[in-house]
Amino acid sequence: MSQEPAPEVQGAQATARNWQDPPFNRWAFWHVSDILPTYRVPRGDGVPRPLLPLPASSRPDLLAVPVTRVDRSAGTVGEVLEDTFTDAYLVLQDGELVAEWYGPLGAPDRPHALMSVTKSVVGCVAAVLIDRGQLDPDAEITRYVPELSGSGYAGALVRHVYDMRSGVRFLEEYANPDSDIRRLDEWVGWYPGDGEPRGLYRFLATLQAEAPHGERFLYRSAESDVLGWVCERAAGRPMAALISELIWAPMGAEHDAILLHDGLGTAVHDGGLCATARDVARFGQMLLDGGQVPGGLGGVVPPGASSVPDGAGGSRRVVPPQWLRRAWAVDADVRSVFAASPAEWAFPGGWYRHQFWFRPGDFGDVLLGLGIHGQMLHVSRRTNTVCVKFSTWPDAQNPGYLEDTLRAFDAVGGFLAGRDPGRRRLAGVISGLSRSGDTTPPRPTVV
């Protein structure tokens, strides 16, 4: 792959107003803390999880792996990465570093904007707090945040927001300047000269309901912001500290992350995290391993918090395994609300649960963390692979780029695992239960 370096003047021109717009985003996504207010998310003082690279003589040529692209043309993984404004990509298989590449503006120790991949990390914070008894998933949100009692979130439960199933109206249309997601940006107050910021939390209190809570799924960033607010109140700690103490340090991160905040100091829970590709891969590997990391890695848990000691096999729990088991499992209710949502068009047969996307692929169901402008975490249990891609798409959303990237990473996993594509089953991870209710066991995947 090749990539022309951005002119140095681009960095000087990137501002809080244009940092997501091309061509400024290519520089800005690697330098968020130079433009916007951020908190540090410490990695702690523990042992980082090692990412052992394969010897150069053993590294496969992943860029040559064939891909059938969304327009039905024949291509390669390298062509997909070249065509989709890739800033960096990284692949793990069986926990080993198989491939890693950075554009001229990036580096292994440089954090990049993750956008909505942040949601998956915040969801894991909620999982730990629930496991420790500090957060009740069946409690009303207003029990923790009474400031929302006059909003559409009144009566909604904690589990409604982490599965994005409240009835609150929030239009997530990035190309529409009048949509709620654009109003959210205005209230955050990153634009100098526009008066005093009104703040993220004050914006959430203005949202109203349009449907009964729990009856639908609809992807909305406001749900994650409410979840983050609830977590902060339940734990009595700010989100930057919670991510550090509950996820980043225990999983064995190598570098500090950073977290955007609004003009009043409130963390942007829906998309403010910036981290290195290697640490995002470590997060994905921890998810792939059922929420565990090898014993002896990572930092200590915060004072006063319950800890999970190393198990008999030498592993240490970071995220409760039941949280991930529920997320991977799909039942008729979860499928039906997803199928009735606009997201079904992009991910037919998929579902959304616990701040993760799930998509049936050529080699089994895949867990995804996704962010606008092309950020992706791709976790495949069937091929035991973790793929990370940082990007600077010119537009916030591009269905063609997204589908081509998903197909490329599916192909990479299948190639590394030595598998041929099988029939894309529409069954969840519950063996023998199809999404249509048929209990006939699915045919085995052709290997």
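Details
- Within the option set 26, 40, 49, 69, being in contact (Cβ under 8 Å) with a residue 12 or more places away in the chain, basic (Lys, Arg) and exposed (fewer than 14 other Cβ atoms within 10 Å of the Cβ) holds for one residue only, 40.
- Residues that are over 21 Å from the mean Cα position of the chain (by Cα) and of a type in the set (A, V, I, L, M) within segment 320-336 comprise just one, 332.
- Applying the condition of being surrounded by fewer than 16 Cβ atoms within 10 Å (Cβ to Cβ) and outside any loop (DSSP other than H, G, I, E, B) to segment 186-203 and asking which residue is modelled with the highest pLDDT yields 202.
- Wholly within segment 113-169, helices (runs of 4 or more DSSP H) carrying at least 1 residues that are farther than 30 Å from residue 88 by Cβ, at pLDDT 95 or above and acidic (Asp, Glu): 117-131
- From 182, 110, residue being of a type in the set (Lys, Arg), over 19 Å from the mean Cα position of the chain (by Cα) and more than 24 Å from residue 213 (Cβ to Cβ): 182
- Subset of segment 12-23 [among the aliphatic types (A, V, I, L, M) and without any contact (Cβ under 8 Å) to a residue 60 or more places away in the chain]: 12, 14
- The set of residues in segment 113-128 being closer than 16 Å to residue 163 by Cβ and under 11 Å from the mean Cα position of the chain (by Cα) consists of 116, 119, 120, 122, 123, 124.
- Candidates 287, 260 - the one that is farther than 23 Å from residue 137 by Cα and among the aliphatic types (A, V, I, L, M): 260
- Scanning segment 231-276 for residues that are within 22 Å of residue 134 (Cβ to Cβ) and in a loop (DSSP other than H, G, I, E, B) gives 236, 237, 238, 249, 250, 251, 266, 269, 270.
- Only one of the numbered conditions (1) over 20 Å from residue 355 (Cα atoms); (2) of a type in the set (A, V, I, L, M); (3) surrounded by 21 or more Cβ atoms within 10 Å (Cβ to Cβ) is not met by residue 141, and that is (1).
- Close pairs (7 angstrom Cβ cut-off, 6 or more residues apart or separate chains): free of Cβ contacts under 8 Å to residues at least 12 places away in the same chain in segment 333-348, in a helix (DSSP H, G or I) anywhere: 344/338
- Filter result (of a type in the set (Gly, Ala, Ser) and buried (at least 24 other Cβ atoms within 10 Å of the Cβ)) within segment 250-276: 252, 253, 257, 267, 272, 275
- Residue 237 meets the conditions (1) in contact with a helix residue (DSSP H, G or I) (Cβ under 9 Å, 6 or more places away or on another chain); (2) farther than 20 Å from residue 126 by Cα in every case but one. The failed one is (2).
- Breaking point among (1) modelled with pLDDT of 95 or more; (2) outside any loop (DSSP other than H, G, I, E, B); (3) crowded, with 21+ Cβ neighbours inside 10 Å, for residue 325: (3)
- If the condition is being closer than 18 Å to residue 337 by Cα and of a type in the set (S, T, N, Q), then segment 162-181 contributes only 166.
- Just so you know, in segment 155-172 the residues that are under 19 Å from the mean Cα position of the chain (by Cα) and not hydrophobic (A, V, I, L, M, F, W, C) include one that is farthest from residue 334 (Cα to Cα), and it is 172.
The values are calculated or read from the model by the stated rules, or taken from the named source; none is laboratory data. Nothing here was measured: the structure is a model prediction, and the numbers come from that model. Because the Cβ atoms are built from the backbone with ideal geometry, glycine has one as well, and the counts that use them run over all protein chains shown.
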